[in-house]
Amino acid sequence: MVKRTRKEAARLDEAARAGWLYYCAGNTQDEIATKLGVSRPTAQRLVSAAVSEGLVKVRLDHPIAHCMELGKAICEKYELAACDVVPTDPAAPEAMFGMAQAAATYLERALQSPDPQIIALGTGRAMRAMVDEVGRIDGRHHKIVSLVGTIAHDGAASFYDAVIDLADRTRAPHYPLPIPVIIEDPQMRQRMQQQPPMDNILKLAAEADIRFIGVGHLGDDAPLHIDGFISKDELMSLRTSGGIGEVISWSFDQDGTILDHAVNHCVTSAPAQSPTTNTIAVAKGTKKVKAIRGAMRGKLISTLITDEATAESLLQ
C-alpha cells in the first residue's frame with residue numbers, strides 16, 4: 001500500500017467528498033463548490049480526481065462514503081446546515097485526529113478569506129486539537145475572539161485555551177476573555193461584563209462570522225466539575241433541573257433549552273443563543289451523545305463535526 005503524505009490524504013478526502021456529492025447525492029458542480037467552500041473549477045477538478053483515483057466505480061470506493069451518508073441523515077433529522085462525519089478508529093476511539101483535521105478545514109477556509117472575519121472559539125481539547133492542525137496563515141486582517149473565560153477560580157490560565165495559539169499561527173489580533181468562567185455573584189458578573197474591555201470582547205463575540213465550540217456532558221466526570229468550575233452539589237442540582245450538557249459553560253436540557261439555574265446566572269461566557277451565524281461544534285463520544293443531540297435540537301449549533309460511532313448513536 002502506498003503511503004501518502006497528510007496533504008495527499010486530505011486531497012483524496014476532498015475528492016471523495018466531491019465524488020459522493022456529485023455521483024451519489026446528485027449535486028451540481030456549483031452546489032459542490034458552495035458546500036466545500038472552493039471555486040467551481042476546483043470542484044470540477046475534485047470530481048475528476050474522484051474518478052481518476054479510482055474512488056468512483058459503481059459506488060464510491062472509499063470509507064468516507066458511509067460517513068457522508070451518516071452526515072446527510074443527521075442534517076435531515078436535526079435540520080443542520082452541515083455535518084462532517086469522520087471514520088472511528090476502533091484502536092483509538094478517543095483520538096481527535098480525524099475530527100481535528102475536518103474542523104481545521106473549516107477554520108482554514110475562514111482564515112483564507114480575503115474579507116475580514118471575526119472568528120470566535122470556545123475552549124477544550126477539541127479546540128486545541130483543531131488549532132494544532134492549522135498551518136501558518138497570514139490572517140492579520142481577521143480578529144480572533146474567545147467565547148468563554150480563560151481563567152480558573154484560583155487565577156490559573158486555562159490549559160485548553162486555543163485563541164492565543166491560533167493568533168500565534170496567523171498574526172491576527174486576538175481577544176481572550178480574561179475573566180473566570182463562572183463568578184459566584186451574578187451582579188458582579190454583570191458589572192464585570194459591562195466594563196471595558198470586557199464589553200468590547202463580548203460585542204465582538206456576538207458579531208462573529210463563524211464560531212467553533214465543543215459540547216460537554218454533565219455526567220459524574222463532567223469537565224465543568226472536574227476542572228473545578230462547579231461543585232459536586234452544583235452538578236447534581238443542574239442534573240436534577242434537567243441538565244444534560246453544556247456549550248461554552250451554558251448548561252441546557254434535552255431540548256437544548258438553556259436552564260434558568262443559579263449556575264447559569266453566574267456564567268461569564270458569550271451567550272449560547274440560537275446561532276444567526278455559523279456555529280460549528282466539534283464533539284464525539286458515548287458520554288456526549290445526549291448532550292450533542294440536545295444541542296442540535298435546541299439549534300445551539302448549525303454544523304456538527306463528529307465520528308462514525310457517535311453519528312450512528314445520534315441516529316438511533
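The values are calculated or read from the model by the stated rules, or taken from the named source; none is laboratory data. Just so it is clear, the structure is predicted and the values come from calculations on it, not from any experiment. We work out accessible area using only protein heavy atoms, side chains counted, and drop any ligands, DNA or RNA first. Shrake-Rupley method; radii C 1.70, N 1.55, O 1.52, S 1.80 Å.
Of the lysine pairs in the chain, how many meet both conditions: Cα atoms under 16 Å apart, and a spacing of 8 or more in sequence or different chains? List each step's numbers first, then the result.
Details: 35/72; 77/290; 77/299; 143/203; 290/299.
Lysine pairs meeting the criterion: 5.
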* Structure fact -> The answer for residue 147, listing residues at least 5 apart or on another chain whose modeled amide H is closer than 5 Å to its amide H, is 121, 122
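Given the stretch 6-53, report the % of alpha carbon pairs whose separation exceeds 15 Å. It would help to have the intermediate numbers written out before the result.
Details: 349 of 1128 pairs.
Percent of Cα pairs beyond 15 Å in the stretch 6-53: 31.
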* Enter the Cα centre distance for the pair the stretch 254-308 and the stretch 172-208, rounded to the nearest angstrom. => 20 Å
* To do: Can you tell me the 0 to 90 degree angle between the C-alpha axis of helix 97-111 and the longest principal axis of the chain, rounded to 10?
  => 90 degrees
* Asked: Can you give me the Cα centroid spacing of the stretch 225-241 and the stretch 117-171 in angstrom?
  -> 26 Å
* Relative to the first principal axis of the alpha-carbon coordinates of the chain, what is the inclination of helix 64-78, with its axis defined by its Cα atoms, in degrees from 0 to 90 and to the nearest 10? -> 50 degrees
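Tell me, what % of the accessible area of the chain is carbon and sulfur with a 1.4 angstrom probe?
On the chain, the fraction of accessible area on carbon and sulfur atoms equals 52 percent.
Normalising by the residue count of the stretch 61-215, find the relative contact order in percent from Cα pairs under 8 Å and 6+ residues apart.
Details: 230 pairs, mean separation 35.4, N = 155.
That works out to 23 percent.
Give me the tail of P(r) for the stretch 65-315 as a percent: Cα-Cα pairs with distance above 35 Å. Don't jump to the answer; show the numbers that get you there.
Details: 2828 of 31375 pairs.
Result for the distance tail: 9 percent.
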* Structure fact -> Per residue, accessible area of the stretch 6-53 with a 1.4 Å probe, heavy atoms of protein chains only, in Å², comes to 55 Å²
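For the stretch 127-203, what does the accessible surface come to per residue with a 1.4 Å probe? Please give it in Å². Display every interim value, and only then the final one.
On the way: 4000 Å² over 77 residues.
Each residue of the stretch 127-203 exposes 52 Å² on average to a 1.4 Å probe.
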* Just the accessible area for residue 265, please: 1.4 Å probe, Å², rounded to the nearest 10? -> 80 Å²
* **For the stretch 112-129, 3J(HN,Hα) per residue [Karplus equation, 6.51 cos²θ - 1.76 cosθ + 1.60, θ = phi - 60°, Hz, x = Gly/Pro]** => 7, 5, x, 8, x, 10, 9, 10, 10, 10, x, 10, x, 4, 5, 5, 5, 5
